[in-house]
Amino acid sequence: MPFIGSINAKLRQFFATHAKLLDGRDCYIGCSGNFSIEQILTRHAPNARLYSNDVSLYSCVLGNALVGRLMKLQVVNEELRWLQPYLDNALNLATSPFPVAALLLMMEMLKYEKKNSVYAVRMWEYYQAHWNELFAKTLSKVLKAMEHIKIAEYTAIDVYDYFDTSLTPRLPGEGQGVRVGFLPTYEGGYERLFKRLEESIAWDKPKYEMLTTERREETVRRMTRGDYVLYDDKERPELPCVARMDLFGKKSVFIYSNLPFPKGIIRRRLRETDPKLPILAPDENIPDGADIRLREVPQDIIDHYRAMWLAKSIEPGSGGPCYLAMVDGKVLGCLIFQAYSKKKGEVGSIYLLSDFVRPAPKERRLAKLLLMVSLCADTRRVLEEKLLSRLTCILTTAFTPAKQSMKYRGIYKLVKRSPEGAEKPFLNYQGEFSDMTFKEVVSIWKKKHCKP
């Protein structure tokens, strides 16, 4: 599926399984986005009549192509003017998928427009040099996807007005139909998502207001006056919830409806494997010169120790490569790196997604030992051989409202604090790799951090 979207795959599957409830109905879909709902209903409720609505450039180009309407698009970004022919509706066919495919590629290309790294420069040049090849592949996918989206009409008006019964389009003699929608969850969300694309192309933009919290709640109220299916990330006790999904590291999402959907709850479970390795005892002595090693393991083994040692309130994430820190053949703790993190650091850095040790009395400072191990020259060598890349430092984040993280203090350097009043306060730390070896780390740890 070439279209971008944000509705979780599991909830799409739930909706598809029970889409027959909407078969034969008029469905008024607000904030169509990437037309996920339309794709599902076209396949699984083929007799439903679908009326789509959105105000973003991306959605308008796709929606108008689906109903056979031409759109005038003009490239105003000087570096992309050479792409104008791809937006001119080839052969003057209103249903041409050319503009849709071109916009999808442009959105990917614009990620590298700033050319603020060697990688970004290479990617920008790659899109330019291989545009025709990439466009042909994208066009083929768009054509295939559009075959599975059938809509009766597309409108581009404020969703706040769209769900007003006096403005919603209806077929003569039909009822109010079913209102369906996943409204933006934060103000200006769509604007930020498509900001650079919209700045690069001039078009006849529809008028609408930002969906503030107040306007969003009023939109939900209008939407739920008749039959409805609402996809939301807010818990609403006053509405009947038919499905809920809880994912690690993400907000819970809900489907609310007054239609007779079977109820469901979807949760991700950790897939864990016990490697049956000996574990360092809480009070076990660690001698100077102990045999320290890193053992690379898959995510499911890390998840086994995470389930045992981390608080249930800590949302687990997945990354790689993952290592067990071993002391004389026994497990001390875990290091989870993220080699290709979206947290763009300087060249030569790697992101430490998670670090944790087996529970032990606080005075033992085992967490300090693990962090010192992470910055050893031997760890650097292990990572460089794995990634085939030179490394100089490790970046990591502590989510805390405190001014300092006691765990990282003295080992990693604090480089950034979250803004005052941030919803999820954080501290960014950076650690430089040292010349310290695994053989030396225990004695240095004892001198610096262990109480006599």
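The values are calculated or read from the model by the stated rules, or taken from the named source; none is laboratory data. Computed from a predicted model, the values in this text were never measured in an experiment. Neighbour counts run over all protein chains shown; Cβ positions are idealised from the backbone, glycine included.
Would you check which residues across region 404-425 are in contact (Cβ under 8 Å) with a residue 24 or more places away in the chain and exposed (fewer than 15 other Cβ atoms within 10 Å of the Cβ) and list them?
Taking region 404-425 as the starting set, the residues that turn out to be in contact (Cβ under 8 Å) with a residue 24 or more places away in the chain are 405, 407-408, 410-412, 424-425.
Correct list: Gly410, Lys424.
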### Summary
Apart from one, (1) modelled with pLDDT of 95 or more; (2) in a loop (DSSP other than H, G, I, E, B) all hold for Glu346; the odd one out is (1)
### Query
Are any of the residues in region 86-93 in contact with an Asp or Glu (Cβ under 8 Å, 6 or more places away or on another chain), at pLDDT below 90 and surrounded by fewer than 19 Cβ atoms within 10 Å (Cβ to Cβ)?
no
#### Entry: Of the criteria (1) among the aliphatic types (A, V, I, L, M); (2) more than 27 Å from the chain's Cα centre (by Cα); (3) crowded, with 19+ Cβ neighbours inside 10 Å, which one Leu105 fails
(2)
### Task
Working carefully through the options Met223, Met210, find the one that is within 26 Å of Ser32 (Cβ to Cβ) and either in contact with a Lys or Arg (Cβ under 7 Å, 6 or more places away or on another chain) or not assigned by TED's automatic domain parsing to the domain that holds Gly181 (or both).
Met223
### Contacts under 9 angstrom Cβ, first residue in region 67-80 being in the same structural domain as Ser56 (by TED's automatic domain parsing) and aliphatic (A, V, I, L, M), partner outside any loop (DSSP other than H, G, I, E, B) and surrounded by fewer than 12 Cβ atoms within 10 Å (Cβ to Cβ), 6 or more apart
Leu70/Asn92; Val75/Arg81; Val75/Trp82; Val76/Glu199
### Query
What are the pairs, 6+ residues apart or on separate chains, where a residue within region 210-235 that is more than 18 Å from Phe261 (Cα to Cα) has its Cβ under 7 Å from a residue that is of a type in the set (D, E, K, R) and surrounded by fewer than 22 Cβ atoms within 10 Å (Cβ to Cβ)?
Met210/Glu187; Leu211/Glu187; Thr212/Glu187; Arg215/Glu209; Arg222/Asp164; Asp233/Lys251
### Query
If you check every pair at least six apart or on different chains, which have Cβ atoms under 6 Å apart with a residue in region 104-125 that is within 30 Å of Met146 (Cβ to Cβ) first and a residue that is outside any helix (DSSP H, G or I) and among the charged types (D, E, K, R) second?
Trp124/Lys115
### Summary
The residue that is nearest to the chain's Cα centre (by Cα), considering only those in region 397-430 that are under 18 Å from Ala367 (Cβ atoms) and among the small types (Gly, Ala, Ser), is Ala398
### Query
For region 129-151, what are the residues that are of a type in the set (A, V, I, L, M, F, W, C) and either closer than 20 Å to Trp82 by Cα or in a helix (DSSP H, G or I) (or both)?
Ala129, Trp131, Leu134, Phe135, Ala136, Leu139, Val142, Leu143, Ala145, Met146
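Determine which member of the set Tyr119, Tyr126, Tyr160, Tyr190 is assigned to a helix (DSSP H, G or I), modelled with pLDDT under 90 and out of contact with any Asp or Glu (no Cβ under 9 Å at 6 or more places or on another chain). Give the steps one after another, and end with the answer.
Numbers: Tyr126 fails: modelled with pLDDT under 90; Tyr160 fails: out of contact with any Asp or Glu (no Cβ under 9 Å at 6 or more places or on another chain); Tyr190 fails: out of contact with any Asp or Glu (no Cβ under 9 Å at 6 or more places or on another chain).
Answer to the check: Tyr119.
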